[in-house]
Amino acid sequence: VTTVFVLRTKGMTWGRLPIFVWGVVLSVVLGLTAFPSFLIALIMVLTDRVFQTSFFIASNGGSNWLYEHLFWFMGHPEVYVIALPSMAIAAEVSAVFSRKTIFGHRMLVGSLITICILSLLVWGHHLYTSGSATALDGPYMLDTELISIPTGFFFLALIGTLWRGKVWVTVPMLFVGGMLVNFVIGGITGIYLADLPTNEILHGGMFVTAHFHFTLVGSMVFGFFAGFYYWFPKMVGRRLNPTLGVLHFWLFEIGFLGTFLALFYAGLQGEPRWSADVAPPFATANLIASLFAILLALSVFVAAYNIIGSWRSGEVASADEWGAKTLEWAVPTPVPLENFEHLPEIKGTPYEYGATLPQVESGVGVGVETSLHSQPESQA
């Protein structure tokens with residue numbers, strides 16, 4: 001946070017800040033706000049057990065619901081601590097590989113800020129069936145549904161960025177596509193868990209497990225892999241094998257969909273969570289999920305093999321592997337200890353593809369100027 005607030009280079013206004021940096025800053029601010037409540041709860045549990053205080057012991061005047069509130073005030077924003085950088089990666093990658101400026105740039109940043117704020121106000125939906133019968137169930141339900149609005153703006157910005165662009169289908173773009181598909185499924189199923197009447201039916205079942213995995217793994221982990229394949233050449237100076245990257249994606253996506261769509265069905269049939277024994281009515285769905293999970297495991301091995309092999313003996317990457325315009329691609333590969341001999345001066349946003357003027361001026365001769373639909377010569 002301090003780095004971004006006080007160490008931005010000349011001309012790097014908040015409006016020119018890369019989307020990924022916005023995502024990281026909002027994620028950290030959210031963590032700094034939400035996580036202390038859980039640390040406080042742990043200290044209170046410790047004092048209850050060691051010093052016989054009664055913060056959470058009902059027989060002595062405490063409340064176990066207090067612990068639930070303190071835990072979930074951290075537990076739900078924690079999801080968005082992971083989500084915000086991942087969503088920002090998807091926007092960053094989409095702009096680069098569609099060779100277009102981000103559609104609704106301010107709208108996209110505003111949606112991330114709004115998600116950050118609203119995520120601090122929804123923790124109570126985890127207590128719908130706890131017995132607390134809080135009068136705030138209605139507001140919690142409304143606020144949880146409201147998060148779908150800025151999330152919808154995020155989707156609109158990404159689709160608008162890709163729309164009529166000459167999309168360069170790289171491995172990072174495949175993972176962004178998978179993220180969008182999975183995030184839609186996770187978001188729509190989340191609406192049923194946000195509403196108290198349907199939550200009463202679905203709570204504690206496999207439907208919740210499947211929804212959570214579509215949101216956290218199908219969306220956020222896919223976004224992480226998009227960023228990993230995107231920045232790996234700059235991090236280590238080697239290119240990942242694109243064929244193995246494509247294989248990793250399809251094994252991951254097919255295995256993921258097969259596993260958790262089957263668990264959605266099991267949840268709708270009434271299978272509970274946290275059960276070591278699978279009842280006969282749910283056996284078929286669980287067998288299907290287990291078989292598709294094998295593909296998930298294979299995808300991990302493919303990714304690990306690709307990373308180790310490419311790191312050791314992969315093709316040498318160029319300094320600007322994808323023709324991107326953010327500052328990290330303007331330094332040599334491998335990255336030197338000091339990024340620039342002379343601090344660059346920023347003249348525009350890093351997404352102005354096809355612009356006639358360079359977006360960056362520095363003492364190392366950096367002037368990024370990329371035609372609208374061109375691919376880097378080394379990759380064409």
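The values are calculated or read from the model by the stated rules, or taken from the named source; none is laboratory data. Everything numeric here is computed off the predicted structure, so don't read it as measured data. Here the Cβ is made from the backbone with ideal geometry for all residues, glycine too, and neighbour counts use every protein chain on show. For accessibility, only protein heavy atoms count, side chains too; no ligands or nucleic acids. Shrake-Rupley method; radii C 1.70, N 1.55, O 1.52, S 1.80 Å.
As a length-normalised measure over Cα pairs under 8 Å and 6 or more apart, the relative contact order of the stretch 70-197 settles at 37 percent. Sorting 153-163, 29-39 by their mean Cβ neighbour count within 10 Å, with the most densely packed peptide first, gives 153-163, 29-39. Largest mean-square fluctuation among SER275, SER27, SER313, in a Gaussian network model of the chain whose springs join Cα atoms under 10 Å apart, belongs to SER275. Relative to one another, the C-alpha centroids of the stretch 125-181 and the stretch 1-59 are positioned 22 Å apart.
The helix-only estimate of mean residue ellipticity at 222 nm for the chain, built from DSSP H runs of length n ≥ 4 each weighted as -39500 (n - 2.57), is -20000 deg cm²/dmol after division by the residue total.
Distance between the C-alpha centres of the stretch 226-278 and the stretch 339-354: 35 Å, rounded to the whole angstrom. Of the DSSP H helices in the chain, those with a Cα length along their own long axis of 30 Å or more and a mean Kyte-Doolittle hydropathy reaching 0.5 comprise 19-50, 77-98, 171-194, 242-268, 283-313. Can you list the lysines whose alpha carbon is less than 29 Å from that of LYS166, not counting same-chain residues fewer than 8 positions off? List returned: LYS100, LYS234, LYS325, LYS347.
GNM on the chain, alpha-carbon springs under 10 angstrom: the most fluctuating residue among ALA95, ALA41, ALA324 is ALA41.
Placing a label point 7 Å from the Cα of GLU328 along the Cα-to-Cβ line, the residues of the stretch 216-255 whose backbone N sits under 15 Å from it are 223-240. Averaging the sequence gap over all C-alpha pairs within less than 8 Å and six or more residues apart, then dividing by the number of residues, gives the chain a relative contact order of 17 percent. Taking 16 Å as the cut-off, the amide N atoms of the stretch 305-331 that come nearer than this to a point 7 Å along the Cα-to-beta-carbon line of PHE340 belong to 325-331.
One chain, two ends: VAL181 and ILE201. Fully extended at 0.36 nm per residue, the span grows by 4.6 nm beyond their Cα-Cα distance. Protein heavy-atom accessible surface, 1.4 Å probe, per residue over the chain: 49 Å². For the chain, the carbon plus sulfur part of the accessible surface works out to 69%, probe radius 1.4 Å. Packing, taken as the mean count of other beta carbons within 10 Å per residue, orders the peptides 212-221, 52-61 from highest to lowest as 212-221, 52-61.
Counting heavy atoms of the protein chains alone, GLU338 has an accessible area of about 130 Å² for a 1.4 Å probe. Residues ARG312, ARG273 ordered from highest to lowest accessible area at a 1.4 Å probe: ARG312, ARG273.
Descending by average beta-carbon neighbour count within 10 Å, the peptides 299-305, 5-11, 16-22 line up as 16-22, 299-305, 5-11, the highest first.
Straight-distance candidates among the aspartates and glutamates for linking to LYS10, with alpha-carbon spacing under 12 Å and chain neighbours fewer than 8 residues away dropped: GLU345, GLU361.
Measuring nothing but how far apart in sequence close Cα pairs (under 8 Å, 6+ apart) lie, relative to its length, the stretch 33-133 scores a relative contact order of 29 percent.
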